[in-house]
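Notes follow the structure.
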Amino acid sequence: MRSIAEILEKCLDSGLSFADQALRSEAEEFRVSADNLRTAMTGRLKDMELSVTEAESGDYRGLIVPSEWRLVKEYGGRGASFSSPYVIAASRIAMAVATYNSAMGRIVAAPTAGSCGILPGMLFACREVFGTGDELLLDGLFAAAAVGEVTASRATLAGATGGCQAECGAAAAMGAAALVTIRGGTPEAVSGAVALTYKSVLGLVCDPVGGLVESPCIKRNAMLVSLGALGADLALAGVKSLIPADEVIDAMGQIGRALPETLRETGLGGVAVTPSGLAAAKKIGM
């Protein structure tokens, strides 16, 4: 799939939801049955769920960043957060999974290891807060996968090529598509959520301290779930994007190519070269 617009056009003809049309298109393109694809994606969802369970089962930490997701859990439990219970839960899960990744735990790179906490955070917080069932989560995952596939085809999902807009930004946009799908939004609302979310991360750089996927990556995972959730809410409310999703994705790719090498995963710019960033890297011999 190379185009969100193409999926929307097919939805108009078929009357299917965005997720169901993405599934049909994938089955037709690769000549695989829809049932087989659903079985395979169910496995991915279970793997993602396992990564959440494992991440929250211990105090995993990276080389320079401690385990801090429990702080979010404790704070959310006080009932005084400015963010909604859903956002707090999604942020907590995102931090836990991203920290687990830095400790070499098993994760699902959706779309990348550096952004691995965002999609599980947004999906499994739906179950935790709203009681969303697995079938709806699976539909959301198909919608997210379609957005990821279009992004990979039109632009990039690699921080080394496009900065963090292509990693955490893509994950947030994929998560926004999933949330709209879970809430029964129209295909147009799915597309709108993707466009609105992507527009808000254009230019986001990849600047890992010491070249490690820890700082600012872990907390960026936690922060961007809120952006994807708001993108979904705006689209479900009927807010539209002036620029279509495909054009925003194209712009993301162009901006990524224009970013200097120092801001594309090299650890040679941004917060990675601040005094504190350099000191943290030196402390561990990086």
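Diffusion coefficient (Stokes-Einstein, Kirkwood radius over C-alpha pairs, 10 °C, 1.306 mPa s) for segment 152-200: 144 µm²/s, rounded to a whole number.
Computed with the Debye formula from one identical point scatterer per Cα of segment 167-255, without solvent, the log10 of I(q)/I(0) at q = 0.12, 0.15, 0.16, 0.17 Å⁻¹ comes to -0.35, -0.53, -0.59, -0.65.
Semi-axes of the equivalent ellipsoid of segment 214-286 are 33, 18, 7 Å, computed as sqrt(5λ) over the eigenvalues of the C-alpha gyration tensor in descending order.
Straight-distance candidates among the lysines for linking to residue 283, with alpha-carbon spacing under 28 Å and chain neighbours fewer than 8 residues away dropped: 219. For the chain, the longest principal axis of the Cα atoms and the long axis of helix 168-182 meet at an angle of about 40 degrees.
Using only alpha carbon pairs under 8 Å that are at least six residues apart, calculate the relative contact order of segment 29-174 and give it in whole percent.
Computed value for segment 29-174: 23 percent relative contact order.
Modelled label positions at residue 61 and residue 78, each set 7 Å beyond Cα in the direction of Cβ, lie 2.2 nm from each other. Its relative contact order, with pairs defined as Cα atoms under 8 Å and 6+ residues apart, puts the chain at 21 percent.
Protection proxy ranking for 132-143, 247-258, using the average of other Cβ atoms within 10 Å per residue and placing the highest first: 132-143, 247-258. To test your reading of the geometry: what angle, between 0 and 90 degrees and rounded to tens, separates the Cα axis of helix 118-130 from the longest principal axis of the chain? Computed tilt is about 70 degrees.
Within segment 13-87, the percentage of alpha carbon pairs spaced more than 15 angstrom apart rounds to 73%. When Rg and Dmax are taken over the Cα atoms of segment 50-176, they come to 14.5, 44 Å. Dividing the radius of gyration of the alpha carbons in the chain by their Kirkwood radius gives 0.97 for Rg/Rh.
All of the numbers you see were taken from the coordinates with simple rules; none came from a lab. Treat the numbers as computed from the prediction; the structure is a model and nothing was measured. All Cβ positions, glycine included, derive from the backbone under ideal geometry; neighbour counts span all protein chains shown.
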